Amino acid sequence: MEYQTIIVEQDGALCTLTMNNPKTLNALGDVTIQELSHALTAIEANPEIRVVIITGSGKAFVAGADIAEMSVLAAERARQLGKETHAVYRQMGQSSKIFIAAVNGFALGGGCEYALACDLRIASDRAKFGLPEVSLGILPGGGGTQRLPRLVGSAKAAELMFTADIISAEEALALGLVNSVVPAEELLEAAQKLAARILKNAPLAVVYAKKCLRQSEESTLEAGLEYESTLFGMCFATEDQKEGMRAFLEKRPAEFQKNV
């Protein structure tokens with residue numbers, strides 16, 4: 001399918017999804033949300049893809065929601081839009097793929113929430129982060145009120161949301177919002193290197209690890225430990241477990257299966 005606002009490119013096990021509507025600073029409008037949902041469904045159905053890098057064209061990752069579209073919404077349609085956005089980000093969380101946000105520029109409002117929905121985040125030294133919705137008379141409606149405190153703690157999340165402050169990449173790193181900060185010209189290469197470090201490992205084990213991490217966000221410690229034990233046991237029914245441990249004992253690189 002040809003998209004109007006995104007570009008999807010596959011290179012073996014690695015997929016790059018580029019937000020590509022620079023005239024609006026890659027704002028999230030109805031068309032983009034629909035296209036993302038379609039693309040994520042196709043990516044999930046592709047057994048070759050294991051890691052997805054998400055980035056933006058121009059000077060923005062995603063500068064936020066499309067305010068021109070949002071300004072005329074009635075309350076019920078706004079509620080529905082929030083649910084549609086949640087559904088897209090839930091696709092990423094429940095996916096068997098690992099999502100790396102390569103944040104090249106502005107990641108504000110919905111753009112910050114998009115990055116938060118990814119598994120890992122690398123920021124350009126030019127990147128800016130923030131949830132400035134209260135300055136527009138609304139609140140973060142794409143999961144920001146839930147994911148940000150889980151990542152940086154409730155006190156700092158409250159400060160960012162209540163003040164509408166915009167922070168630098170270095171500040172985001174200090175808070176734990178991003179994994180690393182690199183020079184702008186090295187961003188995509190850094191994301192690709194991180195993807196390569198993931199891709200060298202056993203595919204199903206990585207998927208199970210992601211499932212356990214996501215479960216920890218939604219359950220009690222005891223329930224999470226029970227789930228972890230279940231998936232830990234399931235690993236021992238795989239060829240990759242046998243190959244990984246055999247390779248370790250034989251002091252050679254493991255040759256894991258190509259996909260899940």
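Every read-out reported here was derived from the displayed coordinates using simple, explicitly stated rules and does not represent laboratory data. The structure displayed is predicted, hence computed values, not measured ones. Counting neighbours? That spans all protein chains shown, and the Cβs are built from the backbone with ideal geometry, glycine included.
By the rule of a C-alpha distance below 18 Å, with chain neighbours fewer than 8 residues away ignored, the lysines paired with LYS97 are LYS193, LYS200, LYS210, LYS211, LYS258. Each Lys and Arg contributes +1 and each Asp and Glu -1, all at the Cβ; summed about the Cα centre of the range 96-250, the dipole is approximately 200 debye.
Which value in deg cm²/dmol, rounded to the nearest 500, describes the helix-derived mean residue ellipticity at 222 nm for the chain, given -39,500 (n - 2.57) per DSSP H run of n ≥ 4 and division by the residue count? Helix contribution divided over all residues of the chain: -15000 deg cm²/dmol. Within the range 181-260, the chymotrypsin sites (Phe, Trp or Tyr not before Pro) that combine a DSSP coil assignment with at most 15 other C-beta atoms in a 10 angstrom radius are PHE236.
May I ask what percent, to the nearest 5, of DSSP beta bridges between residues of the chain are antiparallel? Roughly 30 percent of the DSSP beta bridges within the chain come out antiparallel. The separation of the range 143-199 from the range 20-45, counted between C-alpha centres, amounts to 21 Å. The phi torsions of the range 149-156, fed into the Karplus equation with coefficients 6.51, -1.76 and 1.60 and a -60° offset, translate into couplings of x, 5, 8, 10, x, 5, 5, 5 Hz, rounded to whole numbers, with Gly and Pro shown as x.
Taking the Cα atoms only, what angle lies between the long axis of helix 221-235 and the longest principal axis of the chain, rounded to 10 degrees? Roughly 50 degrees, rounded to the nearest 10. Compared with the dominant Cα axis of the chain, that is its longest principal axis, helix 239-249 is turned about 70°.
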